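All of the numbers you see were taken from the coordinates with simple rules; none came from a lab. None of these values were measured; they are calculated from a predicted model. For neighbour counting, all protein chains shown are included, and Cβ atoms are generated from backbone atoms with ideal geometry for every residue, glycine included.
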Amino acid sequence: MNLESLVISCDAALLGVLRPTLEKIDVKIEVCPESRPGNEMLAKRKFDAVIIDCDDLQGGVTILRDLRQTQSNACSVAFAVLNGKTTTQEAFQMGANFVLQKPLTPLHAARCFNAALNFMVRERRRYFRQPVEMPVQIKSPQRPDLTVTSTNVSEGGLAIRTTARLLKEVPVELQFTLPQSNASLELRGRVAWADGTGHAGIHFVDVPQSSQYQLDRWLTERLENELPQSARDHLAKQ
């Protein structure tokens, strides 16, 4: 599994630096040379990093300003590439996480993206779903306690299969032990969806700090194991 980036720029010199820098840490790069199709891609697809040529691409600043309002990429790591028109402070105020200045050198690019890699992995973890089958104890005020089986777990919830009928929006208490760990988690959630065929999704709504730490750590370990070796090596150096 590779992290994915979108570069919105038609600057050949900039792309000549960005492409090898991102490839070195196994971040896939997709290039869009114009603002309008760039906006369309951001509306349709999720990217771990969005790199915007703010000063030399017509509409670039607008893309950066509107990025945090998009449904798919509101939390993506944003890089603003500047060339004397937009200030660093303005870029940060518009939502940039990192700022690159032209002319961009390979050394500056490498330092910036190596520092940003952790943020990109953290963002990927936010919507990462780990397939896992484990028993989950469910307590609900509307029915006797039951044990179900999970099919995947994420930072924000889990999917289950069960023969029991679950009603949407019903609050539940959950208890489960993450595989290959001794981390027993107790938290509260609500039934987000149920399709009537034995599958349902539960959204976490009240997670104790200790349980959140254990879950985040467990998910991060599995996410990093799916990354290419070069990306894992860079993360290990940080």
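Quick look at the values:
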quantity: Kirkwood Rh, angstrom, segment 3-127 [1 / mean 1/r, Cα pairs]; calculated: 14.1 Å
quantity: Lys, Arg +1 and Asp, Glu -1 on Cβ, resulting dipole of the chain about Cα centre, debye, nearest 20; calculated: 320 debye
quantity: Estimated 222 nm signal from helices in the chain, with DSSP H stretches of n ≥ 4 weighted -39500 (n - 2.57), rounded to 500; calculated: -11500 deg cm²/dmol
quantity: Span per principal axis, largest first, for the Cα atoms of segment 1-69 (Å); calculated: 30, 26, 16
quantity: GNM top mover of Arg45, Arg19, Arg126 - the chain, alpha-carbon springs below 10 Å; calculated: Arg45
quantity: Relative contact order %, segment 3-127, counting alpha carbon pairs below 8 Å whose residues are six or more apart; calculated: 26 percent
quantity: Choice from Val81, Val121, Val205 with maximal GNM fluctuation in the chain (Cα, 10 Å cutoff); calculated: Val205
quantity: Bridge type composition, the chain - antiparallel percent by DSSP, nearest 5; calculated: 65 percent
quantity: Reachable aspartates and glutamates, given that their alpha-carbon falls under 12 Å from the alpha-carbon of Lys168 and they are not under 8 places away in the same chain; calculated: Asp195
quantity: Rel. contact order, % - alpha carbon contacts under 8 angstrom, at least six apart, the chain; calculated: 15 percent
quantity: Per DSSP, loop GluC sites (Glu not before Pro) in segment 110-168 with at most 14 further Cβ within 10 Å; calculated: Glu133
quantity: Ranked packing of 143-152, 64-73, most packed first, by mean Cβ within 10 Å; calculated: 64-73, 143-152
quantity: Max mean-square fluctuation residue, GNM over the chain, Cα-Cα springs under 10 Å, options Thr88, Thr163, Thr105; calculated: Thr163
quantity: Length-normalised contact order for segment 125-178 - Cα pairs under 8 Å, 6+ apart - percent; calculated: 40 percent
quantity: Rotationally averaged projected area of the chain (alpha carbon convex hull; nm²); calculated: 14.3 nm²
quantity: Extreme residue, positive dipole direction of the chain, given options Leu187, Ser35, Phe119 (C-beta unit charges); calculated: Leu187
quantity: For segment 130-226, average projected area of the Cα convex hull in nm²; calculated: 5.8 nm²
